[in-house]
Amino acid sequence: MTPSRAASLETVNLVRNKAKDSDLIVAFGSGTVNDICKYASYLEKKDYISFPTAASMNGYTSANASILVNGYKKSFKAHLPRAVYIDIDILANAPLRLTLSGFADFICRSTVQADWLLSHLLLGTEYNELPFTLVRDLEQILLREYTALTKRSRKVVLLLMEVLLISGLGMVISKGSYSASQGEHMIAHAMEMVTRDHSLLHGEKIAVTTITMANLQEKILSIQNPIIKPTTLDVKHITQCFDNIEFVRTFEQKQIMQQKIQEIICKEWHNISSLIKQNLLPAKHLQKIFEDLSIPHLPEHLSWNKEQYCKVVDLAFITRDRFTFLDLANCIEES
């Protein structure tokens, strides 16, 4: 089986039919193969084992599967593998582009944590520090030794695989993707909806959107005396960009949220911004890392139309019922 870069429902059903007489499904491959086997085995109520062939993403140990349905990627409830087997020789010799994609998928930890903590501090949503604590020391080593990835260092590739596996388990701890997917993933998924292009590596898209989110977060956190103003966006902007009526309802709900946070932002912004800044990696630092590794990190690197990308960034906040810095971008300003 040689699936496309996106795991489709058609391929999931193919695997289900092929595995009818099997007791176990083995996912020997990277992200696409893992998602297909994970979801197929879940639907068939069979165990599955994961044998990653690249340190390319953090989904090997998550309980969700990203599946393409009618041209759109959707996240489906699935289950964990019974075991994950690692062969360091296979990982170290995987295509470098896949390894670097995995690095980008992990290092967005900075923007993810900032978004999740923002939601907790402004809206009182649940927040769990544990997934970030578990990878903190390993992240520091990766930030020192990341250039060794290009030399296929067995030690550093194995370290990357370790943090990716822990990051996946962090989603299980968080009872959702909160600890690994926030504004940067929302922008990437929104771009997929608009372009219908699923040919790019997930981590490469996340590298671009992580730089966008890091700059946006720094800009908002630099505001000293913020006020919340009504957004200039309306339903027309949404329907022109996305063909999805659910996003209009999300937009209406988020307008109510923006009104709710006005008082706490006026009173507590200094403390809130100080807490969030403690965990941030500077945007310039992230950009230098991506440049050192030759990872695409600007829209034009992926042949994305810059004007279209900016529109998607403005509207990405309505694509998910999750509060991030994207929600503040259109309604916060210096008083």
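The values are calculated or read from the model by the stated rules, or taken from the named source; none is laboratory data. Computed from a predicted model, the values in this text were never measured in an experiment. Glycine gets a Cβ as well: all are built from the backbone with ideal geometry, and neighbour counts include every protein chain shown. The area values use the complete protein model at the heavy-atom level, side chains included, leaving out ligands, DNA and RNA. Shrake-Rupley method; radii C 1.70, N 1.55, O 1.52, S 1.80 Å.
Worth pointing out:
- Taking only protein heavy atoms and a 1.4 Å probe, the accessible area of the chain is 50% carbon and sulfur.
- Between residue 128 and residue 270, the modelled label-to-label distance comes to 3.4 nm, taking each label 7 Å out from Cα in the direction of the beta carbon.
- Overall dimensions of the range 212-335 as given by Cα atoms, namely Rg and Dmax in Å: 16.0, 44
- Cα gyration tensor shape of the range 1-132, rounded if a/c is under 1.5, else prolate or oblate by comparing a/b with b/c: prolate
- Length gained when the stretch residue 333-residue 234 is fully extended (0.36 nm per residue, less Cα-Cα span): 33.8 nm
- Helix 306-315 and the longest principal axis of the Cα set of the chain meet at an angle near 80°.
- Under a 5 Å amide H cut-off, with hydrogens placed 1.01 Å from N, residue 229 pairs with 332, 333 among residues at least 5 apart or on other chains.
- Each residue, residue 153 and residue 70, gets one label point 7 Å from its Cα in the Cβ direction; the gap between the two is 4.8 nm.
- Per residue, the solvent-accessible area of the chain (1.4 Å probe, heavy atoms of protein chains only, all protein chains present) comes to 46 Å².
- Amide H contacts of residue 8 (H built 1.01 Å from N, in plane; Pro and chain starts excluded): 68 sit under 5 Å, all sequence-distant by 5 or more or on other chains.
- Shape call, the range 161-251: gyration tensor on alpha carbons, a/c limit 1.5: oblate
- Gyration tensor verdict on the range 68-223 (Cα atoms; rounded if a/c is under 1.5, prolate if a/b is larger than b/c, oblate otherwise): rounded
- Cross-link pairs 38/260; 260/288; 229/306; 229/288 - those with Cα-Cα distance over 32 Å: 38/260; 260/288; 229/288
- With N the number of residues in the chain, Rg(Cα) / (2.2 N^0.38 Å) evaluates to 0.99.
- Derived scalar couplings ³J(HN,Hα) [the range 248-262; Karplus, 6.51 cos²θ - 1.76 cosθ + 1.60; whole Hz; x for Gly, Pro]: 5, 5, 4, 4, 5, 5, 6, 4, 5, 4, 4, 5, 5, 8, 4
- Rounded to whole Hz, the Karplus (6.51, -1.76, 1.60) HN-Hα couplings of the range 164-174, x for glycine and proline: 5, 5, 5, 4, x, 5, x, 5, 5, 4, 7
- Sum of side-chain charges, residue 222 neighbourhood, beta-carbon under 13 Å (Lys, Arg +1; Asp, Glu -1): -1
- Paired Rg and Dmax values of the range 290-335, which use every Cα atom, in angstrom: 13.8, 40
- Of all beta bridges that DSSP places with both ends in the chain, some 50 percent have antiparallel geometry.
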